[in-house]
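S.K.: First, the structure itself, so that you have it in front of you.
The values are calculated or read from the model by the stated rules, or taken from the named source; none is laboratory data. None of the values given here were measured: they were computed from a predicted structure. Positions of Cβ are backbone-derived with ideal geometry, glycine not excepted, and every protein chain shown enters the neighbour counts. Ligands, DNA and RNA are stripped out before the accessible areas are found, and what is left, the full protein with its side chains, is counted by its heavy atoms. Shrake-Rupley method; radii C 1.70, N 1.55, O 1.52, S 1.80 Å.
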Amino acid sequence: MIIWLASYPKSGNTYVRAFLSAYYFSENGEFDFSQISKIDQFPHEKYFKKKVSSISEASKEWMPIQREINKDKKIRFFKTHSFLGNYKGNQFTSPETTLGAIYIVRDPRNVLTSLKNHYSFDDDKALEMIKDKTRSLMSNNGSHASFTYISSWAENYLSWFNNNQFRRLFIKYEDLIENKYETFRDIIVYTNTLMNKIDGVNKFKLQKAIETTNFNVLKKKEISETFDGSESHFKKWRKFHSENKNLFFNLGPDNKWEKNLKTKISNEIEVCFEKEMKKLGYL
């Protein structure tokens, strides 16, 4: 069964992915990039047995692929930016294949500034993306199998928030920064419960995973480490996520919309997403 690690793009999904990789897939909780492939992206070309020639064909395969993945009855984490619902009548996922989900939500004003860096967008183009209810992502090679329907920031969040078909844990990105230990501990308690693990939280591994996935550590690793041979999967991972040569780990906690956004743009975001932002405490 699948445990989803979901979010709108640039909301802290990869940060939590690194933490979970360190905690569950290392002996002592110490992170390195070789563990990142333990939590794959979905959808992704590697899970399609045949080439698909359209987005419609690809979306029809989402559920059959998940059923195939689950045949060995193992529990797996998958990262996704997908809207939780139907795309042209095809379900993204269901309780049949899903055990639960962790959803990370972030102040959309800071999401926008991260989108600008990641995609080399100006303010208007980033604003257009975050508001677009029809928005999707696709890898650089244009493969339909990589198609991910993300919708707008609000619709993405609400699709996971309003779906009660399986258990979900909602995490605010800001709590990952301001209340690290308690928030990451809550994530482990939740995932252990989903997996019926009777052992409690390993406090040593928890602390080590937090330390070694600190944003500045991840940024230094991205800049300094060379990736060859056994780490070649990280090249593929970074290529899939980036449309330019900008650093994936850019500003992180130092990304302050108050400094980086024009008042006109922040005001427009606040008007567009007022209801959701108030509910989340961002306004």
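S.K.: State all residues of region 126-146 that are at pLDDT 95 or above and open to solvent by 50 Å² or more (accessible area, probe 1.4 Å); if no residue qualifies, say none.
M.R.: Passing the criteria: GLU128, LYS131, LYS133, THR134, ARG135.
S.K.: Please give the number of the condition ILE2 fails out of (1) within 16 Å of THR93 (Cα to Cα); (2) surrounded by fewer than 22 Cβ atoms within 10 Å (Cβ to Cβ); (3) over 16 Å from the mean Cα position of the chain (by Cα).
M.R.: ILE2 satisfies every listed condition except (3).
S.K.: Considering region 24-56 alone, what residues qualify as being closer than 24 Å to ILE150 by Cα, in a helix (DSSP H, G or I) and among the hydroxyl-bearing types (Ser, Thr, Tyr)?
M.R.: SER37, TYR47, SER56
Here's the yes/no breakdown for (1) polar (S, T, N, Q); (2) open to solvent by 10 Å² or more (accessible area, probe 1.4 Å); (3) within 30 Å of LEU176 (Cα to Cα):
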{"residue": "LYS46", "(1), (2), (3)": "no, yes, no"}
{"residue": "GLU61", "(1), (2), (3)": "no, yes, no"}
{"residue": "THR80", "(1), (2), (3)": "yes, no, yes"}
{"residue": "GLY89", "(1), (2), (3)": "no, yes, no"}
{"residue": "PHE92", "(1), (2), (3)": "no, no, yes"}
{"residue": "ILE104", "(1), (2), (3)": "no, no, yes"}
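S.K.: Of the residues that make up region 120-127, is at least one closer than 19 Å to LYS79 by Cα and not in a loop (DSSP other than H, G, I, E, B)? Steps first, please.
M.R.: So the first thing to find is which residues in region 120-127 are closer than 19 Å to LYS79 by Cα, and the list is none.
Looking for residues that are closer than 19 Å to LYS79 by Cα and not in a loop (DSSP other than H, G, I, E, B), one finds none in region 120-127, hence no.
Residue by residue, here is whether (1) at pLDDT below 95; (2) over 30 Å from PHE204 (Cα atoms) holds:
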{"residue": "ASN28", "(1), (2)": "yes, no"}
{"residue": "SER37", "(1), (2)": "yes, no"}
{"residue": "LYS46", "(1), (2)": "yes, yes"}
{"residue": "LYS50", "(1), (2)": "yes, yes"}
{"residue": "SER53", "(1), (2)": "yes, yes"}
{"residue": "LYS60", "(1), (2)": "no, yes"}
{"residue": "GLU68", "(1), (2)": "no, yes"}
{"residue": "LYS71", "(1), (2)": "no, yes"}
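S.K.: Yes or no: ILE150 touching a strand residue (DSSP E or B) at 6+ places or on another chain (Cβ under 7 Å), open to solvent by less than 30 Å² (accessible area, probe 1.4 Å) and closer than 15 Å to TYR87 by Cα? Spell out how you get there, then give the answer.
M.R.: On the way: touching a strand residue (DSSP E or B) at 6+ places or on another chain (Cβ under 7 Å): yes; open to solvent by less than 30 Å² (accessible area, probe 1.4 Å): yes; closer than 15 Å to TYR87 by Cα: yes.
Judged against the criteria, ILE150 is a match.
S.K.: Could you list, in sequence order, all residues of region 178-205 that are part of a helix (DSSP H, G or I) and over 17 Å from TYR103 (Cβ atoms)? Steps first, please.
M.R.: Of region 178-205, the ones part of a helix (DSSP H, G or I) are 178, 180-194, 203-205.
Within region 178-205, GLU178, LYS180, TYR181, GLU182, ARG185, ASN192, LYS203, PHE204, LYS205 meet the criteria.
S.K.: Can I ask one more? Mind telling me which of the residues SER82, SER59, SER94, SER139 ends up being in a loop (DSSP other than H, G, I, E, B), farther than 30 Å from TRP257 by Cα and in contact (Cβ under 8 Å) with a residue 60 or more places away in the chain?
M.R.: On the way: SER82 fails: farther than 30 Å from TRP257 by Cα; SER59 fails: in a loop (DSSP other than H, G, I, E, B); SER139 fails: farther than 30 Å from TRP257 by Cα.
Being in a loop (DSSP other than H, G, I, E, B), farther than 30 Å from TRP257 by Cα and in contact (Cβ under 8 Å) with a residue 60 or more places away in the chain holds for just one of SER82, SER59, SER94, SER139, which is SER94.
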